[in-house]
Amino acid sequence: MKIQLVQAPNSYGETRSSGCYPPLGLLSIATYLFRQLGVKAEILDGEIMSYEEILSKLDADVIGFTVNLLNAQNSAALSKIAKEKGATVVWGGPHFTVRWKQILANQNFVDFVIRGDGEQAFLNIVSNNIHASPNIALRDRKRGSLVELPLNLYPFPDYDLLPGTERYISNFEKREKRIRILSVYSHRGCAFRLQYGPCIFCSITDRKLRFRNSSQFVIDALNIQR
């Protein structure tokens, strides 16, 4: 089985941070799939790839899209083509954790929407075990409680699965006066959300604030690109 995970290009053009931050959500799912099934999902990132380049590579049995308001238009266009090619199309992301009913009702090229954590849910879709995860939204399923597991149950993202880790570091270096930075996955959720409720800044939907074990996190982070 061939699997692709796609972050479509921003519909409004480049921003100052374009190409600087890898899609950590997709990378975490790809890592989980590799650890559980030994399958390497191909990550196609519109932050460092053009729409045309992604379109030319779009060819898999299951294709997952991380969708936000800035790339929704391109995500829909690519999803339609993926569906025409016979792929199972999966959407995920904070916005659709809330608006999943509208997507499934109005976008017939989307087979599943993942709400909240995507690692186990995507694994269940690939394994044809869709009813085992309440995080998978179906057209005939009522809304259920999201499963938010402790982050230490997910493996630390494997940066070798990215389409070139150095490209993200170099892009940040060019924009920020030769500072070499690579973003990493330390936690999910927002302390301010827990205290004040959700805001319009990032629309984080996590109900909990979850951190990785700090000691193991430091070890894993230091091992990147060694």
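The values are calculated or read from the model by the stated rules, or taken from the named source; none is laboratory data. The shown structure was predicted, so the numbers you read here are calculated from the model rather than taken from an experiment. Neighbour counts are summed over all protein chains in view; Cβ atoms, including those assigned to glycine, are modelled from backbone coordinates with ideal geometry. Please note that ligands, DNA and RNA were not included when accessible areas were found on the heavy atoms of the full protein model with its side chains. Shrake-Rupley method; radii C 1.70, N 1.55, O 1.52, S 1.80 Å.
Just need the relative contact order of the chain here, percent rounded to a whole number, with Cα pairs under 8 Å and 6+ apart.
21
Lys/Arg Cβ at +1, Asp/Glu Cβ at -1, dipole of the chain taken about the Cα centre: which of ASN68, VAL147, ASN124 is farthest positive-ward?
VAL147
What's the ranking of 182-191, 211-220, 113-122 by average number of surrounding C-beta atoms within 10 Å, highest first?
Listed from highest to lowest mean packing, they are 113-122, 182-191, 211-220.
Evaluate the charge dipole of the chain about its Cα centre and quote only its size in Debye, nearest 20, assuming +1 on the Cβ of each Lys and Arg and -1 on the Cβ of each Asp and Glu.
That gives a dipole near 660 debye.
Apply 1/(1 + (r/R0)^6) to the Cβ-Cβ distance of ASN108 and ARG178, taking R0 = 41 Å, and write down the FRET efficiency to the nearest 0.05.
The pair ASN108/ARG178 has a calculated efficiency of 0.25.
Once each part is reduced to its C-alpha centroid, what is the distance from the stretch 20-94 to the stretch 95-154 in angstrom?
So the separation of the two Cα centres works out to 15 Å.
Could you list which residues have their amide H under 5 Å from that of GLY46, counting only those 5 or more apart in sequence or on another chain, with H placed in the peptide plane?
GLN7, ALA8
Cα to Cα, under 27 Å, and not fewer than 8 places away if on the same chain: which lysines meet these conditions relative to LYS57?
LYS2, LYS40, LYS80, LYS83, LYS85
First compute the accessible area of the chain with a 1.4 Å probe, then give the percent of it belonging to carbon and sulfur atoms.
On the chain, the fraction of accessible area on carbon and sulfur atoms equals 51 percent.
From the phi of every residue in the stretch 16-29, what ³J(HN,Hα) in whole Hz does the Karplus formula 6.51 cos²θ - 1.76 cosθ + 1.60 yield, where θ is phi - 60° and glycine or proline is x?
4, 9, 4, x, 9, 10, x, x, 5, x, 5, 5, 5, 5
Taking only protein heavy atoms and a 1.4 Å probe, what accessible area per residue, in Å², does the chain have with all protein chains in place?
Per residue, the chain has an accessible area of 54 Å².
Quickly estimate the mean residue ellipticity at 222 nm for the chain, helices only: each DSSP H run with n ≥ 4 gives -39500 (n - 2.57), and the total goes over all residues, rounded to 500.
Value at 222 nm, helices only: -10000 deg cm²/dmol.
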